[in-house]
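Just so you know, all these numbers are worked out from the coordinates, no wet-lab data involved. None of these values were measured; they are calculated from a predicted model. Here Cβ is always computed from backbone atoms with ideal geometry, including for glycine, and neighbour counts include all displayed protein chains.
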Amino acid sequence: MSEIARKVCLLGDFGVGKTSLVARFVRNTFSDKYLTTVGVKVDSREVATAAGARKLVVWDIAGKSALDSVSQSYIRGASGLILVADGTREPTLRAALYLQMQARTTLGDVPAVLLVNKLDRIDEWEIKPATLAELRKTLPVYETSARSGDGVEKAFAALAGDLPA
Amino acid sequence: MSAALPPLVYAYLRDVLFQAASPLVLTFGPDFVLLGAAGDATRVALEPAAAAQALRTLFVGMDVAEPTVLPFVELPGARHAHVHLVPDGAMFHLVLLDASEDLARLRPTQQRAHDAEILGHEKSRALRRLKQARAELESQRQVLVETNTLKDALIATLSHEFRSPLTAVFGYVRLLESAGEQAQGRQLALRAIRRAATHLLALSDNLLEWARDAAGADAVADYAPLDLNRLGADVRELFTGSAADSGIVLDVAVEKPSGEAPLGDTLWVRQILINLVGNALRHAAASRIMVRIGADGGKLHLAVTDDGKGVALDAQERIFDEFNNGAGRGPRGTGLGLAIVRRLARQMGGDALVESTPGHGACFSVSLPALPAAPSTAVVPAARALRGGRALLADDDPAQRELLRMLLQDLGYAVYAVGNANDAVAYALAHAPDLAVIDARMPGLSGNTAAFRLRSQGFQGRVVAVAAQPGAAARDAALAAGADAVCTRPVDSIAFADAVLAGASSRT
């Protein structure tokens, strides 16, 4: 097991694009078909950071608006969180922030980034730019598109850079 | 529980459940060193060594001294297992139970539930949009109905307005024919005909101006030095007879310009004067009308003052609206005269105002600003030009980019132009320009996306989106993304200047 491997968990409501984001980040692929995730899928990829190479072990956890006991067991040992919301569904932003709050009871105050996904459908977004401008004061926020890849690499790299050595 | 079961049943159930679970057990020592494997590896389709490697990755960061259950873990090869960690002193065991059957039962149900909820959300959104579209259509329908009503009223009014002076003309022509050589009768008839013709001239000029504006034609002032004495003489010639016939004293004073001669469109200024004096004659119920034409440092000042009944306070702003019909000042007219006065004044960079105390007359004034010595055909009102500042321009089409660059430079901006949205976002966040003009549809990252990113990262400058097509959907999308104003192609220079300099702030 590598010394520099760190576990990070994707948390977000269902259908926000967590699995697609991981597919884009790890394999640089995208599928239009929505296939619900059951349980958890674990992938990994090495990322270069200012502190050197780091292996991100990415837990793609089935989408929920709140953490149940099973999800709590999934996130144990995580060093960072990737919160994911769908820009076209405003309630998923609230869900992502609520999930972060719940995860803190298990993990403490670990580094986190918020990915607001589906940037390729910006004309359908319900989340307002002013809302994200406000959130940015307390949390790194990235608008992403798993479809085009826009913002994905940057967001994962940002979290990797924030993880403890 | 097991103690309560007959030993034979307990053994039977253990065998059945064990066979159904087909566990693969991997035993690890310190540092995740694989010590041994037992059980059925075929159900999870992994060789113990491969499974061990996957599990090492799976348990990164986790405490292996603590019993753990991880249901539905997707393993390499897309097989699913329930993973149980069983600590055992310095060792620990990882038990993999095949989850394929559980997954086959659970996934379709979960998929249907999620699909239904997402579809429900999209349906709600579609219904909201439909409702909004219907409201917009209803609003447009009401505008059309109102316009149609105004048009009908205008036609009815015009019939009357044209018919009255024409009837007078025919009447006095007959009088001329029958008056023979009687000088007094001829003079009377000619003055009446002149009065009627003057009215018809003003009426037709106003209609032409209104029709030009209604057709959306560009208004381009033909600037030239104004001959104030000539303008004054025109007013006297056109209105002295009419005023005298109505018992009104018309006093036209032309002040000697101080400084350089004012510039303006002579025909437009003449029409302004005709409309203001005609309005006073027809509506003011005055005994005296004073016309002042003057200039100061190149600025033109016109004032038409009467001692009539004045304008009610609540009507003073509406009086310049189209079809306002005098805002209750008197007999109906076309409802265009004062509206055209203000429009022409504004198209030359000035404005028209009214000051009145009801019962004590009214003063209608027009001021035009001084213009540069060698004015071009000022497409952009001079008073609003030369705002200055730094502008970012993003458009992937080089020809459109150059057009917009020229328009922005005409408005006084120093322009930095880019050809894609990524460069636009990077520049705007690094240099914080006063204005960002962004093509809403660009290949790759769209202009709306760029606007959204700028706003969500706190960009405070004005954002003007340039949409490829007109329509509420494109406009709403751009405004929702963070634009302050939206222009559509082909870009109209006046509308663009409005959007850049003073467009409504509709951002939410």
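Once the Cα atoms are used to define both axes, helix B:228-245 deviates from the longest principal axis of chain B by about 70 degrees.
Most tightly packed first, judged by the mean number of other beta-carbon atoms within 10 Å of their residues, the peptides B:409-415, A:71-77 read A:71-77, B:409-415.
Counting every C-alpha pair in the stretch B:2-98, the share spaced more than 18 angstrom apart comes to 47%. Across peptide B:121-130, the average count of Cβ atoms from other chains found within 10 Å of a residue's Cβ is 2. In terms of the Cα gyration tensor, with a ≥ b ≥ c the square roots of its eigenvalues, is the stretch A:5-162 rounded because a/c is under 1.5, prolate because a/b exceeds b/c, or oblate? The shape class here is rounded. Cα centroid separation, the stretch B:399-423 to the stretch B:109-187: 38 Å.
Each of B:Q184, B:L228, B:H84 was placed along the dipole of chain B (beta-carbon charges, centred on the mean Cα), and the one lying farthest toward the positive end is B:Q184.
Taking the Cβ of each residue in B:D321, B:D222 as the centre, tally the other Cβ atoms inside 10 Å and list the residues starting with the fewest.
Least crowded to most crowded, the residues run B:D222, B:D321.
Mean partner shielding of peptide A:29-41, defined as the number of other chain Cβ atoms within 10 Å of each residue Cβ, is 5. Computed from label points 7 Å out along Cα-Cβ, the spacing between B:E177 and A:R45 is 9.6 nm.
Taking the longest Cα principal axis of chain B as reference, the axis of helix B:48-58 is set at about 40 degrees. Rounded to the nearest 10 degrees, the inclination of helix B:398-410 to the longest alpha-carbon principal axis of chain B is 50 degrees.
Determine, for each peptide in B:128-141, B:288-301, B:393-406, the mean count of other beta carbons within 10 angstrom over its residues, then list the peptides with the highest first.
In descending order of packing, they fall as B:288-301, B:393-406, B:128-141.
Overall, the anisotropy analysis places the protein assembly as shown in the prolate class: the square-rooted eigenvalues a ≥ b ≥ c of its C-alpha gyration tensor yield a/c not less than 1.5, with a/b exceeding b/c. Residue by residue along B:107-120, Cβ atoms of other protein chains within 10 Å of the local Cβ number 3 on average. The alpha carbon centroids of the stretch B:19-49 and the stretch B:223-283 are separated by 103 Å.
A simple spin-label model places pseudo-atoms 7 Å from Cα toward Cβ; at B:L188 and A:K137 they are separated by 8.4 nm. Rounded to whole Å, the principal axis extents of the Cα atoms in the stretch A:69-161 read 37, 26, 26, largest first. The Rg/Rh ratio for the stretch B:223-368, using Cα coordinates for both the radius of gyration and the Kirkwood hydrodynamic radius, is 0.95. Using only alpha carbon pairs under 8 Å that are at least six residues apart, calculate the relative contact order of chain B and give it in whole percent. Once normalised by length, the contact order is 7 percent.
Go ahead and estimate [θ] at 222 nm for chain B from helices alone: -39,500 (n - 2.57) per DSSP H run with n ≥ 4, summed, over the residue count, rounded to 500. Taking each H run of at least 4 residues, the total per residue is -16000 deg cm²/dmol. Label positions at B:D227 and B:V143, each projected 7 Å from the Cα along the C-beta direction, are separated by 4.3 nm. Taking the DSSP bridge list for the protein assembly as shown and keeping only pairs wholly inside it, about 55 percent are antiparallel. Pairs of Lys residues in the stretch A:15-142 that lie 8 or more places apart, or on two chains, and have C-alpha atoms under 23 angstrom apart add up to 17.
Using the C-alpha atoms of chain B, what convex hull volume per residue, in cubic angstrom, is computed?
In chain B, the Cα convex hull volume per residue is 253 Å³.
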